[in-house]
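In what follows, a structure is listed as structure tokens, so that the remarks can point back to it.
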């Protein structure tokens with residue numbers, strides 16, 4: 001279109017991209033349950049008792065015998081692991097179990113950390129702080145090999161338990177971080193959660209299509225290019241005839257809001273995807289870890305505690 005003396009639409013003459021954002025910011029926050037402190041105190045006290053017993057009591061001759069064998073720490077660690085695993089039953093299968101879901105989460109976190117600390121104590125911090133191949137005097141004649149599957153898969157059981165514990169801590173941090181991102185976006189994008197954004201995007205596209213009806217090619221080309229770009233509008237370099245400038249301003253305002261919502265939707269989807277990936281990895285390793293730890297615990301119980309099976 002070879003028309004001279006047409007005023008060019010500049011960025012300064014168009015609506016600001018921040019004009020469509022919500023004026024106030026509202027971040028949603030769930031108060032921490034008192035159960036978090038109760039379980040933290042219980043787990044800390046539980047671990048402190050066993051660590052003090054190992055440090056001052058179990059080496060004393062008066063406390064020798066099966067009931068004071070330091071191997072009991074491994075049994076108590078395994079019991080705590082089973083209690084921690086009960087959270088999966090509460091979350092996925094048996095929703096009627098008493099207590100709030102948030103309280104079960106805190107139990108899962110703190111007892112999970114305590115079970116790792118007790119497992120480290122049970123192994124005398126072997127495979128973590130030292131790897132020497134010798135018998136451990138705390139366990140009498142029980143020897144520790146250097147192979148990966150020696151001593152009833154003790155090494156992989158400990159490593160998997162540590163990995164699951166660290167994974168749970170990372171997951172809690174990711175949950176807080178990604179939840180803040182989701183809450184911030186839902187509070188400031190003017191629409192809300194991710195499920196509501198596609199409908200609003202479609203409505204904006206209908207409005208832009210109505211503004212495009214019967215307009216010149218530069219008008220339509222810019223709108224098409226802007227809709228194809230995600231999150232960032234292309235610079236306005238087209239020349240719009242005077243009679244189309246009002247509609248172009250309205251269309252540009254819709255495009256600004258469309259780009260902003262697209263960027264918000266991407267952040268929301270990315271946040272959910274990050275946490276979903278972590279959850280998939282964590283939940284896939286939990287059954288494997290529980291099976292290996294159960295095998296190790298049962299073998300220890302039958303061989304070294306009850307003496308039913310000879311090593």
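A few points about this structure:
- Matching residues in the range 103-155 - criterion: being in a helix (DSSP H, G or I), at pLDDT below 80 and at negative phi: 122, 137, 138, 139, 150, 154
- Of the set (1) within 30 Å of residue 178 (Cα to Cα); (2) over 29 Å from the mean Cα position of the chain (by Cα); (3) buried (at least 16 other Cβ atoms within 10 Å of the Cβ), all apply to residue 286 but (2).
- Residues (exposed (fewer than 12 other Cβ atoms within 10 Å of the Cβ) and more than 20 Å from residue 268 (Cα to Cα)) located in the range 191-209: 206
- If the condition is being over 25 Å from residue 263 (Cβ atoms), surrounded by 13 or more Cβ atoms within 10 Å (Cβ to Cβ) and out of contact with any helix residue (DSSP H, G or I) (no Cβ under 6 Å at 6 or more places or on another chain), then the range 215-238 contributes 216, 218.
- For the residues 170, 166, 191, the requirement of being out of contact with any strand residue (DSSP E or B) (no Cβ under 6 Å at 6 or more places or on another chain) and outside any helix (DSSP H, G or I) singles out 191.
- Residue 260 surrounded by fewer than 18 Cβ atoms within 10 Å (Cβ to Cβ) and either under 26 Å from residue 185 (Cα atoms) or in contact with a helix residue (DSSP H, G or I) (Cβ under 9 Å, 6 or more places away or on another chain) (or both): no
The values are calculated or read from the model by the stated rules, or taken from the named source; none is laboratory data. Treat the numbers as computed from the prediction; the structure is a model and nothing was measured. Every residue, glycine among them, receives a Cβ derived from its backbone with ideal geometry; neighbour counts consider all protein chains shown.
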